[in-house]
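Right, one structure below, let's go through it.
Please treat every number below as a calculation from the coordinates, not as lab data. Predicted model, so just to flag it, every value in this text is computed and none were measured. Here the Cβ is made from the backbone with ideal geometry for all residues, glycine too, and neighbour counts use every protein chain on show.
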Amino acid sequence: MAVKHGISSIDDDRIKKYNEILVDTTMEIRDLSHSLMPKSVSKSGLKLGLADLFERSQEIHNINIAYRYDLEISLAPDIQLNLFRIVQELLQNAEKHSKCTEINCQIYSVETMIILIFEDNGIGISESNSEGIGLISIASRVETMNGKLSIESNENQGTIIRIKFSIE
């Protein structure tokens, strides 16, 4: 039946090429959707936008989330958007993959340095998941802010992600 519809003429190279195009398109759509400022952030600011995100996540996923936001510095809209999308991606990764029951997220400043620490008590990040689209997206956002990203993860001991950047 495959021959009847002409499918047998598609070789492995073409399938790989189509897969690459699909992955690239998915990344572009994801980037586009992530470039839009969430209503909660534009309306209430980053602190309350993240609080709302965490509250909804706790209700849906039954994960205990501790959140500390201690910034005395005003952030530009693009920085707020990057931080929101980074935290959103970290939260989604924890919900989908970590099997955690607790998350701790802190955002604070030391002089002109902004520090984000995101921890969970889950199963850790495996080698196969260490280069997923979500982590690549996070690394890209950190890079656009000239920041540093560190990931500390051990099997069944959770994950700690630290992000630091200057707003000078």
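What the table below lists for this structure:
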{"quantity": "Counted charge near S98, where neighbours are those whose Cβ lies closer than 12 Å (Asp, Glu -1; Lys, Arg +1)", "calculated": "-3"}
{"quantity": "Cross-link reach list, lysines versus K96, counting only Cα pairs under 20 Å and skipping chain neighbours closer than eight places", "calculated": "none"}
{"quantity": "Range of Cα positions in the range 15-126 per principal axis (Å), largest first", "calculated": "51, 33, 26"}
{"quantity": "Computed E for I73/L22 - FRET, C-beta separation, R0 35 angstrom, nearest 0.05", "calculated": "0.30"}
{"quantity": "In degrees, nearest ten, helix 133-144 long axis to first principal axis of the chain (Cα)", "calculated": "50 degrees"}
{"quantity": "The range 75-168 - Rg over Rh from alpha carbon coordinates, Kirkwood radius", "calculated": "0.96"}
{"quantity": "Qualifying trypsin sites (Lys or Arg not before Pro) in the range 60-116, DSSP loop, other Cβ atoms within 10 Å at most 12", "calculated": "none"}
{"quantity": "Helix 12-35 axis, angle to the chain major axis (alpha carbon atoms, nearest 10°)", "calculated": "30 degrees"}
{"quantity": "Within the chain: Cβ-based charge dipole about Cα centre, in debye rounded to nearest 20 (Lys, Arg +1; Asp, Glu -1)", "calculated": "420 debye"}
{"quantity": "Partner lysines for K39 [C-alpha distance under 18 Å; skip if fewer than 8 residues away on the same chain]", "calculated": "K47"}
{"quantity": "Order of I123, I133, I161 - criterion: other Cβ atoms within 10 Å of each residue's Cβ, fewest first", "calculated": "I133, I123, I161"}
